[in-house]
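Structure first, commentary second.
The values are calculated or read from the model by the stated rules, or taken from the named source; none is laboratory data. All values derive from a computational prediction rather than experimental measurement. Heads up, the Cβs are rebuilt from the backbone with ideal geometry, glycines too, and the neighbour counts pull from every protein chain shown. These accessible areas exclude ligands, DNA and RNA; they are computed on the full protein's heavy atoms, side chains included. Shrake-Rupley method; radii C 1.70, N 1.55, O 1.52, S 1.80 Å.
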Amino acid sequence: MNVAIVKYNAGNVYSVTNSLKRLGVEPVLTDDADVLAKADCVLFPGQGEAKGAMAYLRERRLDEVIRNLKQPVLGICIGQQLLCRHSEEGDVDCIGVFDAEVKRFRPQRHEDKVPQMGWNSIGNLKSGLFEGIGEGSHVYFVHSYYVPLCNDTIAMTDYIQPYSAALHRDNFFTTQFHPEKSGDTGEKIIENFLKIAL
């Protein structure tokens, strides 16, 4: 299977690479439009800041390349946020696959810490991405911004308020959490994504 990971100035690509290798897949890390277009599936991971990431993507026209991909695409963490219409982080327009605005967590109580860091449960699971994953399974989050619940939500979680833990529209799937850091549950989610691409 030909799996591509989008190369841009956002960290965390190596933990995704290693998780794929554990599943027997040797991905290619690339910012080449032709390589991305010809891949069986594409992963768009990352940690970082939306405005700087979008500037890098636009400079290389990767925003257009990603928006026009026809094979299964999995956005992870900031990858989910960048696939939305707009982000409050840097007040920046993003790629626009999902008609949603990324919001900053606003603590309501003293114990509400931003960023959210750690394990949280997911529920209301829909789509083949979560085949074999039980309601209430725990996955690992690190983020200060979130996507509100919307028509494309396929998993939700709750931190300060309920929000989208995962999205799906057409060939685009996303997770706000890090499946590559979420143990057996996360590995199963990545495996399910690869099966969708077969």
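Pairs are defined by a Cβ separation below 7 Å, a sequence spacing of at least 6 or placement on different chains, a first member in region 163-180 that is more than 21 Å from Asn18 (Cβ to Cβ), and a second member that is open to solvent by 10 Å² or more (accessible area, probe 1.4 Å) and among the basic types (Lys, Arg); the pairs so defined are Asn171/Lys70.
Just one residue in the set Pro162, Pro148, Pro107, Pro115 is touching a strand residue (DSSP E or B) at 6+ places or on another chain (Cβ under 7 Å) and at pLDDT below 95; that residue is Pro115.
Does Ala50 fit the bill of being of a type in the set (A, V, I, L, M, F, W, C), farther than 16 Å from Thr175 by Cβ and under 15 Å from the mean Cα position of the chain (by Cα)? Let's see the steps before the verdict.
Details: of a type in the set (A, V, I, L, M, F, W, C): yes; farther than 16 Å from Thr175 by Cβ: yes; under 15 Å from the mean Cα position of the chain (by Cα): yes.
So Ala50 passes the test.
List the pairs whose first member sits in region 185-198 and is closer than 17 Å to Glu26 by Cα, whose second member is of a type in the set (Asp, Glu) and in a helix (DSSP H, G or I), and whose Cβ atoms are under 9 Å apart, counting only residues at least 6 apart or on separate chains? As it stands, the answer is Glu187/Glu180; Ile190/Glu180, since those pairs meet every condition given. Within region 70-85, being under 17 Å from Thr175 (Cβ atoms) and either more than 14 Å from the chain's Cα centre (by Cα) or not β-branched (Val, Ile, Thr) (or both) holds for Pro72, Leu74, Gly75, Cys77, Gly79, Gln80, Gln81, Leu82, Leu83, Cys84. Within region 120-156, the set of residues being touching a residue at least 60 places away in the same chain (Cβ under 8 Å), more than 15 Å from Gly79 (Cβ to Cβ), open to solvent by 20 Å² or more (accessible area, probe 1.4 Å) and not small (Gly, Ala, Ser) comprises just one member, Glu131.
Here Glu187 fulfils each of the conditions (1) outside any helix (DSSP H, G or I); (2) open to solvent by 30 Å² or more (accessible area, probe 1.4 Å) apart from (1).
Residues that are touching a strand residue (DSSP E or B) at 6+ places or on another chain (Cβ under 6 Å) and either open to solvent by 20 Å² or more (accessible area, probe 1.4 Å) or over 17 Å from Pro45 (Cβ atoms) (or both) within region 172-184 comprise just one, Lys181.
Scan region 1-24 for residues that are surrounded by 18 or more Cβ atoms within 10 Å (Cβ to Cβ) and out of contact with any Cys (no Cβ under 6 Å at 6 or more places or on another chain) and the total you get is 11.
Look at region 99-112: where a residue is in contact (Cβ under 8 Å) with a residue 24 or more places away in the chain and among the aliphatic types (A, V, I, L, M) and a partner is outside any loop (DSSP other than H, G, I, E, B) and open to solvent by 70 Å² or more (accessible area, probe 1.4 Å), sitting 6+ places away or on another chain with Cβ atoms under 9 Å, you get Ala100/Arg85; Val102/Arg85.
Each row is one residue, and each column tells you yes or no for (1) assigned to a helix (DSSP H, G or I); (2) without any contact (Cβ under 8 Å) to a residue 60 or more places away in the chain.
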| residue | (1), (2) |
| --- | --- |
| Met1 | no, no |
| Tyr14 | yes, yes |
| Asn18 | yes, no |
| Lys21 | yes, yes |
| Gly24 | no, yes |
| Met54 | yes, yes |
| Asp63 | yes, yes |
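Please determine whether any residue of region 83-103 is among the charged types (D, E, K, R) and farther than 17 Å from Val147 by Cα. Break it down into steps so the answer makes sense when it comes.
Looking only at region 83-103, we keep the residues that are among the charged types (D, E, K, R), and these are 85, 88-89, 91, 93, 99, 101, 103.
Restricting the remaining residues to those that are farther than 17 Å from Val147 by Cα gives none.
Scanning region 83-103, I find no residue that is among the charged types (D, E, K, R) and farther than 17 Å from Val147 by Cα, so the answer is no.
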